[in-house]
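The values are calculated or read from the model by the stated rules, or taken from the named source; none is laboratory data. Owing to the predicted nature of the structure, the values given are computational and were not obtained by experimental measurement. Virtual Cβ from ideal backbone geometry, glycine too; neighbours counted across all protein chains shown.
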Amino acid sequence: MADIVSYSREGDIAYITIDNPPVNALSLAVRSGIQQCVRRFVADAEARAAILICAGRTFIAGADITEFDKPRQDPWLPEVIEEIEASPKIIVAAIHGTALGGGLETAMGCHYRCAVPSAKVGLPEVALGLLPGATGTQRLPRLIGPQAALDVMVSGKPMAAKAARDAGAVDHLLDDENLRAGATAYARKLLAAGAKPRRISEMSIDQASVGAGFFDDYRKSIAREARGYFAPGQIIKCVEAAVSLPYKDAVKRENELFLECMASSHSRAQRHLFFAERACAKVPDVPADTPLRPVKKVAVIGGGTMGGGIAMNFANVGIPVVLKEVNQAALDRGLAIIRGNYENTVKKGRLSQADFERCMSLITGTLDYAGVGDCDLIVEAVFENMALKKEIFGELDRVAKAGAILASNTSTLDVDEIARATRRPQDVIGWHFFAPANVMTLLEIVRGAATAKDVIATSMAMAKTIRKTAVLVRVCFGFVGNRMFFPYVREAQRMLLEGIAPERIDRVAHDWGMAMGPHGVSDLSGLDVLDKVNNEWKQKPNDPAYCRMVAKLTEMGRYGQKTGAGIYKYEGRNALPDAEVARIAKEEATRLGVPQIEVSDAEIIERLFYSMINEGALILAEGMASRPSDIDVVFVHGYGLPRYRGGPMQYGDEVGLKNVVAAMAKYRQRYGDLYWTPAPLLKELADKGSSFRAWSEAREA
Ligand code: T1G
């Protein structure tokens, strides 16, 4: 225990040093260690002040999230913080790296806080569906005021050290990054000034800043971005308590609200995602120390909407990009799309003019394949046609230098077949970006049968470099994301034929948490694109009703938003129900013998998401994805599924796989085996009363 937290003294300054890599999380051992060292300091007559400091790359980055699903073990953090604060001698927190969550709460238990200039402090618990449950919601408002404290806690965004000092969360900004020396000098200065322990719990809150209606106005101000999330509302209640109750009572209230968060499906989902987003970066059969191929220059084949967005990702991080097009007009159009995107970002104040010009200067154009011959990575981003992609890869095979990575932005097609168009299939890989490619964070990386491990490792590392969340998948039609999205769209389309209004289906999906309902998304992506994909799909179900309205509306030239009409008609970006579509759907239903039915909102959710979950179970059993949590990352980062649902597989576990299978049995009875036969893995886990999570943990054990 002692060596994770150690006590030492130099003269009259004591050091309580935490060394719990990688991020000094407040595990049980750390909490007990701090408590013992504080007691030792208080009893140490030689020591006049103590510095709480961390070894390694960061100050305490919070409570140990891995302990949250385990039974509580004392000492609990609020207790330890109370004991620090009660010390009759001053304790100074010396902050470097990130003081987050319980880490900042611990620092606010100390009497003074100093930080190196590069440090950050924050209370990001909201990102885990939680709230700062160790007196953070009571202490931060006392230090920086209710408004600023709410902004920090509800956004979850950390403050830079200087901003924190200016706001009052940090007392002293050290001159440089020399933490120990700087903190020691600061403690000596405090002693010399006769500084006494300053206890935040005894401070009052600036009531004047909280007028009538303050908290309701605050709720309204965050309503849009916090839609559906539980924790932000809980945080506001804590600060309301901070303003209206004595400290001890407010801390009790904070704890009640914290436990409500902890017990919520939201927090289970968001904590699941925290680890899922870290796990998906690890490829079981590709060692972490696999040497990477250098990527100093990149090319993008095709300057359309996707190609332009893809090129921006590299320019944004300082990597020169060559955009290849078939003719000057297309090239000019491609470069103009990019320039337009950047200009919009500058207009919104999210990019400086200087950065805009720097990015544009990194993007050049060429009409000649020879112009991409010296690139380390070439991303093909032309429209979804196998023959065209094979022709391009044949050309790239001819001109690209040895060792260049050849990536395809195909969203559904067989990467192995594309690779076979070259003599270097080991260098071919899928890089499936999501539209808009310069905005969406997901990158589905598709390893082919021959793809080399260093190509996979380099692709995963490059994804991090261009600030994408990469998920590695294997080759099947639609890979993971689209393959699971098809059943979701299929059911939405089927309900359309059955007489359920598209706006109702979309409202139910939106209320469940989707950023946009299935019909709105179909119109946004383009019904013609969906129809093309369906026609390319060799294993398309033998079902004449399968996405019939997509095909029908495409035949009529109603492609969606881009043609002003699709499933909805559009006034600008406003989607309006269109009676004409309802009439056509009814007509098609009659022709296909599809009965008109009434469905509940619960049925809409079950059909949309259970069909997805079932496909996910097939994908896992086939090994197309390594973990259920990888699938969840795909849907949260690429398909607008809210973090508080955790992803389709986490949702399945939350609902209970037994219930998923039971509901599927209802639809199997109505529709037959084609779509509603439970995947063997799903059936097996449901029968065992198990979960995807347990299945995944057993495999990784
Ligand atoms: N608990 C347990 N493990 C943690 C952890 C934590 N708090 N933070 C990080 N890890 C693991 C992580 O899983 C990974 O493991 C490794 O450390 C490196 O992390 C009572 C309730 C600090 C900014 O939310 O935001 O305090 O994958 O890859 O990119 O009020 O980690 O190597 O096996 O992310 O350099 C509040 C969470 C907790 C901060 C570093 N704190 N951490 O980022 O490295 S709740 C947080 C982060 C709380 C109290 C409440 C980041 C980081 P592995 P990494 P990084």
Unmet criterion (only one of (1) within 10 Å of the ligand (Cβ to nearest atom); (2) closer than 18 Å to H111 by Cα; (3) touching a residue at least 60 places away in the same chain (Cβ under 8 Å)) for I13: (1)
Looking across the stretch 488-515 at residues that are among the small types (G, A, S) and not in a loop (DSSP other than H, G, I, E, B), the single one that is farthest from L530 (Cα to Cα) is A509
Being of a type in the set (A, V, I, L, M), surrounded by fewer than 19 Cβ atoms within 10 Å (Cβ to Cβ) and closer than 23 Å to T469 by Cβ is the requirement here; does A193 meet it? no
Looking at the stretch 53-79, which of the residues that are part of a loop (DSSP other than H, G, I, E, B) and among the hydrophobic types (A, V, I, L, M, F, W, C) is nearest to the ligand (Cβ to nearest atom)? A61
Report, ordered by the first and then the second residue, all pairs with beta carbons closer than 6 Å, sequence separation of six or more or different chains, a first member in the stretch 496-524 that is at pLDDT below 95, and a second member that is assigned to a helix (DSSP H, G or I). L524/Q561
Check off (1) over 21 Å from V30 (Cβ atoms); (2) within 15 Å of the ligand (Cβ to nearest atom) for D166 and give me the number that stays unchecked. (2)
Based on this model, can you work out whether I91 counts as surrounded by 19 or more Cβ atoms within 10 Å (Cβ to Cβ), at pLDDT 95 or above and within 12 Å of the ligand (Cβ to nearest atom)? no
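From the list P595, P680, P628, exactly one residue is crowded, with 19+ Cβ neighbours inside 10 Å and touching a residue at least 12 places away in the same chain (Cβ under 8 Å). Which is it?
On the way: P595 fails: crowded, with 19+ Cβ neighbours inside 10 Å; P680 fails: crowded, with 19+ Cβ neighbours inside 10 Å.
Selected residue: P628, the only one of P595, P680, P628 that is crowded, with 19+ Cβ neighbours inside 10 Å and touching a residue at least 12 places away in the same chain (Cβ under 8 Å).
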Any residue at all in the stretch 411-418 that is surrounded by fewer than 16 Cβ atoms within 10 Å (Cβ to Cβ), in a loop (DSSP other than H, G, I, E, B) and among the acidic types (D, E)? no
Mind checking whether some residue in the stretch 26-40 is near the ligand (Cβ under 9 Å from one of its atoms), buried (at least 20 other Cβ atoms within 10 Å of the Cβ) and at pLDDT 95 or above? yes
Would you be able to tell me the number of residues in the stretch 381-404 that are more than 13 Å from K324 (Cβ to Cβ), in a helix (DSSP H, G or I) and in contact (Cβ under 8 Å) with a residue 40 or more places away in the chain? 1
Within the stretch 567-682, which helices (runs of 4 or more DSSP H) (wholly inside it) include 2 or more residues that are of a type in the set (F, W, Y)? 601-622, 657-671, 673-676
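From Y186, Y247, Y229, which residue is touching a residue at least 40 places away in the same chain (Cβ under 8 Å), among the hydroxyl-bearing types (S, T, Y) and farther than 29 Å from H111 by Cα?
Within the list Y186, Y247, Y229, the selection yields Y229.
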With respect to G122, is the statement that it is within 28 Å of the chain's Cα centre (by Cα), closer than 17 Å to M262 by Cβ and either surrounded by 24 or more Cβ atoms within 10 Å (Cβ to Cβ) or away from the ligand (no atom under 12 Å from the Cβ) (or both) true? no
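For residues that are part of a helix (DSSP H, G or I) and under 21 Å from L396 (Cα atoms), tally how many sit in the stretch 310-338.
So the first thing to find is which residues in the stretch 310-338 are part of a helix (DSSP H, G or I), and the list is 310-316, 328-338.
Next, only the ones that are under 21 Å from L396 (Cα atoms) stay: 310-311, 314, 328, 330-331, 334.
Matching residues across the stretch 310-338 total 7.
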Condition first: within 12 Å of the ligand (Cβ to nearest atom) and assigned to a loop (DSSP other than H, G, I, E, B). Now tell me which residues in the stretch 130-145 satisfy that. L130, L131, P132, G133, A134, T135
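Given the criteria more than 23 Å from V152 (Cα to Cα) and within 16 Å of the ligand (Cβ to nearest atom), does L104 qualify? Step through it out loud before you land on a result.
Numbers: more than 23 Å from V152 (Cα to Cα): no; within 16 Å of the ligand (Cβ to nearest atom): yes.
When the stated conditions are applied, L104 does not pass them.
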Is it true that some residue in the stretch 212-219 is surrounded by 12 or more Cβ atoms within 10 Å (Cβ to Cβ) and over 29 Å from L259 (Cβ atoms)? no
Limited to the stretch 571-584, what total is found for residues that are surrounded by 10 or more Cβ atoms within 10 Å (Cβ to Cβ) and either among the basic types (K, R) or over 16 Å from D523 (Cα atoms) (or both)? 2
For A269, state whether it is within 21 Å of W512 (Cα to Cα) and either assigned to a helix (DSSP H, G or I) or more than 10 Å from the ligand (Cβ to nearest atom) (or both). yes
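Does any residue of the stretch 325-338 turn out to be more than 16 Å from the ligand (Cβ to nearest atom), surrounded by 22 or more Cβ atoms within 10 Å (Cβ to Cβ) and among the hydrophobic types (A, V, I, L, M, F, W, C)? Full working, then the answer.
Within the stretch 325-338, the first condition is being more than 16 Å from the ligand (Cβ to nearest atom), and the residues that meet it are 325-338.
Keeping just the survivors that are surrounded by 22 or more Cβ atoms within 10 Å (Cβ to Cβ) gives 325, 334, 338.
Adding the requirement that they be among the hydrophobic types (A, V, I, L, M, F, W, C) leaves 338.
Yes, the stretch 325-338 has at least one match.
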I'm checking my understanding of the structure. Among residues of the stretch 140-190 that are over 16 Å from L100 (Cα atoms) and among the acidic types (D, E), which one is surrounded by the most Cβ atoms within 10 Å (Cβ to Cβ)? D171
Which one is nearest to the ligand (Cβ to nearest atom), of the residues in the stretch 277-305 that are closer than 19 Å to T465 by Cα and in a helix (DSSP H, G or I)? R278
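Does at least one position in the stretch 426-437 carry a residue that is β-branched (V, I, T), at negative phi and without any contact (Cβ under 8 Å) to a residue 60 or more places away in the chain?
yes
Could you check how many residues of the stretch 189-226 are touching a residue at least 60 places away in the same chain (Cβ under 8 Å), assigned to a loop (DSSP other than H, G, I, E, B) and under 20 Å from I144 (Cα atoms)?
In the first step, residues of the stretch 189-226 are kept if they are touching a residue at least 60 places away in the same chain (Cβ under 8 Å); the result is 190-191, 195-201, 203-206, 209-210, 214, 218, 222, 226.
After this cut, where a residue has to be assigned to a loop (DSSP other than H, G, I, E, B) as well, the list is 195-199, 203-206, 210, 226.
Add one more test, that the residue is under 20 Å from I144 (Cα atoms), and what stays is 197-199, 203-206, 210.
So the count comes out to 8.
Which members of the stretch 532-560 meet the condition of being in a helix (DSSP H, G or I) and at pLDDT 95 or above? Give the steps one after another, and end with the answer.
Looking only at the stretch 532-560, we keep the residues that are in a helix (DSSP H, G or I), and these are 532-536, 548-555.
Correct list: R548, M549, V550, A551, K552, L553, T554, E555.
Determine whether the stretch 488-499 contains at least one residue that is among the hydroxyl-bearing types (S, T, Y) and over 21 Å from M386 (Cα atoms). Spell out the reasoning first.
Pass one, the stretch 488-499, residues among the hydroxyl-bearing types (S, T, Y): 488.
From what is left, the residues that are over 21 Å from M386 (Cα atoms) are 488.
Checked against the condition, which is being among the hydroxyl-bearing types (S, T, Y) and over 21 Å from M386 (Cα atoms), the stretch 488-499 yields at least one hit.
Which one of G623, G638, G652 is of a type outside the set (V, I, T) and on the phi > 0 side of the Ramachandran plot? Before you say what the answer is, go through the steps one by one.
Working: G638 fails: on the phi > 0 side of the Ramachandran plot; G652 fails: on the phi > 0 side of the Ramachandran plot.
On inspection, the qualifying residue turns out to be G623.
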If only one of V475, V439 is at pLDDT below 95 and surrounded by fewer than 23 Cβ atoms within 10 Å (Cβ to Cβ), which one is it? V439
